[in-house]
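*Asks:* A single structure is presented below for examination.
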Amino acid sequence: MDRKEFLKSIGCMAALTTLPAIPSLAKIVSSPEGDEEKLTSDDSDVDAKLDKPVTVIIIGAGSRGKIYASYAEKFPGSMKVVGVADINEFRRDFMADKYAIPQENRMGDWSEVFRRPRFADAVVIATPDRLHYEPYLEAIKAGYHILLEKPMAPTEKECKDIVRKAMASPSVVAVCHVLRYSPYFKAMRDVIMSGKIGNVVSMQHLEPIGAVRFAHSYARGKYGNSQTSSPIILAKSCHDLDLLYWMTGKRTKEVAAFGDLSFFRRENLPEGAGERCLECAVEKKCAYSAKRLYYDLRQRTGVFDLTGNRAERGEQILEYLRTTNYGKCAFRLDNDQCDHYTMILKFQDDTTASFSMEGMTSYNQGRITRIMGTQGDIVGDMVNFTVTDYLTGNTLKYESGIRDEHAGGDMRIVRDFVSAVSKGDKSLVSSLIQDSLESHMMGFNAEKSRKTGKLIKM
Ligand SMILES: NC(=O)c1ccc[n+]([C@@H]2O[C@H](COP(=O)([O-])OP(=O)(O)OC[C@H]3O[C@@H](n4cnc5c(N)ncnc54)[C@H](O)[C@@H]3O)[C@@H](O)[C@H]2O)c1
């Protein structure tokens with residue numbers, strides 16, 4: 001559909017003829033020929049190329065644990081998985097078999113790892129949000145290097161304790177702020193730090209979750225209840241708060257937040273809706289049908305432990321839909337996470353920022369970032385960004401070519417972590433735990449503001 005047809009279809013034909021020209025915009029987008037630079041990301045750097053692989057134990061062999069472990073599959077010379085702990089037998093065995101982990105190093109509860117003398121260089125703590133702190137305390141005591149999933153812990157007190165202990169230890173302790181390692185965000189930060197856009201005066205950042213994905217993870221799924229996981233501003237958005245801090249190096253002075261769970265509540269139950277989607281009279285008309293998502297489309301089934309051929313997997317999915325929250329009506333759960341969340345922030349030098357986490361979107365990735373400086377600005381969508389100079393109108397385009405959820409950060413954090421461990425050089429990691437405290441404090445204070453209706457001075 002061309003623009004004319006599009007405007008016609010939405011009843012805006014008049015707008016087509018009356019839209020005023022915007023000379024300044026035209027100037028900015030039409031960069032003078034020859035003045036447009038192009039940068040592209042180089043993916044040849046993901047292997048740490050170490051002399052000897054760093055040995056790791058994966059604690060929590062779920063979705064994140066599997067991602068980090070896969071670095072060893074890709075780059076066996078740089079990392080080796082020598083142990084696994086997971087209370088889920090299926091996941092434990094799957095990982096143990098895949099990485100040929102000896103029988104004695106296949107463990108259940110995380111605590112089993114620390115009942116033995118240290119038997120690896122590092123641990124990856126990828127257990128659920130409320131199970132980070134205790135394994136962390138044991139790991140640091142035993143002298144392991146630690147790659148710790150975010151949020152580091154769901155309370156301020158635990159976070160501060162984690163940081164204190166890391167600062168007093170020779171261990172490399174990195175938090176999985178994977179976006180810091182993506183070529184895209186690194187390049188954006190480089191532009192800011194180079195002074196190319198002058199001083200940053202303001203930022204806008206949007207994190208879209210996607211409505212169907214929201215129902216999957218934050219209504220039905222493991223992050224649906226903030227009391228058993230952590231508030232969504234930490235569980236989902238602490239990456240984004242971290243980016244606002246890390247890209248500018250500016251600490252937050254004041255914060256206000258607004259947000260609510262508007263939609264996935266019992267009062268919005270569709271008329272005629274059943275307890276579960278498999279027995280629901282209106283399932284076919286519901287965008288949040290679990291049957292459609294998991295069984296018909298076979299999407300987001302990574303949360304299930306499936307085996308066998310397609311038909312066998314189908315039967316297993318149906319059983320999950322009959323017996324777990326994943327098959328329940330999305331309006332009948334004990335979820336409490338906000339499905340929209342907006343923060344306004346003032347930094348120490350009076351720079352401002354607005355951040356929106358949006359559950360109700362058709363798209364489920366591609367953070368939109370706008371950085372406004374005194375000499376130029378940056379506009380990006382997590383794959384490409386454009387830097388525009390106000391004086392010349394010249395543009396600099398960055399194209400990462402990477403379209404995965406974390407813009408290439410997942411493997412690169414492991415690369416930097418194993419390099420830091422191998423070389424005994426903490427500076428090789430760009431998300432050391434002490435840096436991460438700021439984003440967690442931004443999240444905790446946002447929650448205070450949201451719940452009290454007050455502006456919080458940090
Ligand atoms: N960095 C990121 O971008 C990112 C993305 C998603 C999730 N996360 C975080 O990563 C962590 C893990 O998330 P996930 O999606 O992999 O969850 P998951 O549920 O897929 O995996 C967690 C695993 O921990 C295991 N486990 C639970 N209790 C245990 C115990 N007592 N001992 C040993 N193992 C135990 C579970 O059986 C499960 O396999 C969470 O804190 C989450 O918030 C981070």
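The values are calculated or read from the model by the stated rules, or taken from the named source; none is laboratory data. Just so we're clear, the structure is a prediction, and the values are computed from it rather than from any experiment. No Cβ is skipped: glycine too gets one built from the backbone with ideal geometry, and neighbour counts run over all protein chains shown. Ligands, DNA and RNA are excluded from the accessible area calculation, which covers all protein heavy atoms including side chains. Shrake-Rupley method; radii C 1.70, N 1.55, O 1.52, S 1.80 Å.
*Asks:* Considering only region 386-396, I want to know if a residue exists there that is aromatic (Phe, Trp, Tyr), assigned to a helix (DSSP H, G or I) and out of contact with any Cys (no Cβ under 7 Å at 6 or more places or on another chain). Give the steps one after another, and end with the answer.
*Replies:* Residues of region 386-396 aromatic (Phe, Trp, Tyr): 390.
This time we only want the ones that are assigned to a helix (DSSP H, G or I), so: none.
No.
*Asks:* Can you pull out every residue in region 92-148 that is within 11 Å of the ligand (Cβ to nearest atom), open to solvent by 60 Å² or more (accessible area, probe 1.4 Å) and farther than 29 Å from Met167 by Cα?
*Replies:* Matches in region 92-148: Phe94 only.
*Asks:* Also, I was wondering about something else. Hey, which of the helices (runs of 4 or more DSSP H) in region 41-148, taking only ones fully inside, have at least 3 residues that are free of Cβ contacts under 8 Å to residues at least 24 places away in the same chain? Spell out the reasoning first.
*Replies:* Values: elements: 63-74, 89-98, 133-142.
Those helices (runs of 4 or more DSSP H) span 89-98.
*Asks:* Identify, please: which residue in region 397-428 is at pLDDT 95 or above and in a loop (DSSP other than H, G, I, E, B) and is, among those, nearest to Leu234 (Cα to Cα)?
*Replies:* Here the residue is Asp425.
*Asks:* I'd like to check something: does region 353-373 contain any residue that is out of contact with any Gly (no Cβ under 9 Å at 6 or more places or on another chain), within 16 Å of the ligand (Cβ to nearest atom) and over 30 Å from Gly198 (Cα atoms)?
*Replies:* no
*Asks:* Here is a further query. Looking only at residues in region 215-225 that are closer than 24 Å to Lys448 by Cβ and away from the ligand (no atom under 12 Å from the Cβ), which one is surrounded by the fewest Cβ atoms within 10 Å (Cβ to Cβ)?
*Replies:* Asn225
*Asks:* Let me ask something else about it. Could you check region 250-279 and list, in sequence order, the residues that are free of Cβ contacts under 8 Å to residues at least 60 places away in the same chain and part of a strand (DSSP E or B)? Before the answer, list the steps.
*Replies:* First pass over region 250-279, keeping only residues free of Cβ contacts under 8 Å to residues at least 60 places away in the same chain: 267, 271-279.
Listed by number, the list holds a single entry, Arg276.
*Asks:* Can I ask one more? Tell me, yes or no, whether region 445-452 has at least one residue that is without any contact (Cβ under 8 Å) to a residue 60 or more places away in the chain, farther than 30 Å from Ile57 by Cβ and either open to solvent by less than 60 Å² (accessible area, probe 1.4 Å) or of a type in the set (S, T, N, Q) (or both).
*Replies:* yes
*Asks:* Restricting to region 352-382, and then to whatever is among the β-branched types (Val, Ile, Thr) and touching a Phe, Trp or Tyr at 6+ places or on another chain (Cβ under 7 Å), can you tell me which residue is nearest to Met247 (Cα to Cα)? First the steps, then the outcome.
*Replies:* Step one: filter region 352-382 for residues among the β-branched types (Val, Ile, Thr), giving 352, 361, 368-369, 371, 374, 378-379.
Next, only the ones that are touching a Phe, Trp or Tyr at 6+ places or on another chain (Cβ under 7 Å) stay: 378-379.
Numbers: Ile378: 12, Val379: 14 Å.
The qualifying residue nearest to Met247 (Cα to Cα) is Ile378.
*Asks:* Which numbered condition in (1) touching a Lys or Arg at 6+ places or on another chain (Cβ under 8 Å); (2) open to solvent by 10 Å² or more (accessible area, probe 1.4 Å); (3) closer than 29 Å to Met188 by Cα; (4) not in a strand (DSSP E or B) is the only one that Met247 fails?
*Replies:* (2)
*Asks:* How many residues, within region 362-403, are open to solvent by 50 Å² or more (accessible area, probe 1.4 Å) and β-branched (Val, Ile, Thr)?
*Replies:* Residues flagged as open to solvent by 50 Å² or more (accessible area, probe 1.4 Å) and β-branched (Val, Ile, Thr) within region 362-403 amount to 4.
Conditions (1) outside the structural domain of Tyr218 (by TED's automatic domain parsing); (2) of a type in the set (Gly, Ala, Ser); (3) within 16 Å of the ligand (Cβ to nearest atom); (4) surrounded by fewer than 18 Cβ atoms within 10 Å (Cβ to Cβ), marked per residue:
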residue	(1), (2), (3), (4)
Leu234	no, no, yes, no
Leu243	no, no, yes, no
Ala257	no, yes, no, no
Glu279	yes, no, no, yes
Cys286	yes, no, no, no
Lys291	yes, no, no, no
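*Asks:* Hey, another quick one. Since His406 meets every condition but one in (1) open to solvent by less than 10 Å² (accessible area, probe 1.4 Å); (2) within 26 Å of Tyr223 (Cβ to Cβ); (3) not small (Gly, Ala, Ser), which condition does it not meet?
*Replies:* His406 satisfies all of (1) open to solvent by less than 10 Å² (accessible area, probe 1.4 Å); (2) within 26 Å of Tyr223 (Cβ to Cβ); (3) not small (Gly, Ala, Ser) except (1).
*Asks:* Further question: Mind listing whichever residues of region 149-184 are in a loop (DSSP other than H, G, I, E, B), more than 16 Å from the ligand (Cβ to nearest atom) and out of contact with any His (no Cβ under 7 Å at 6 or more places or on another chain)?
*Replies:* Correct list: Ala168, Ser169, Pro170.
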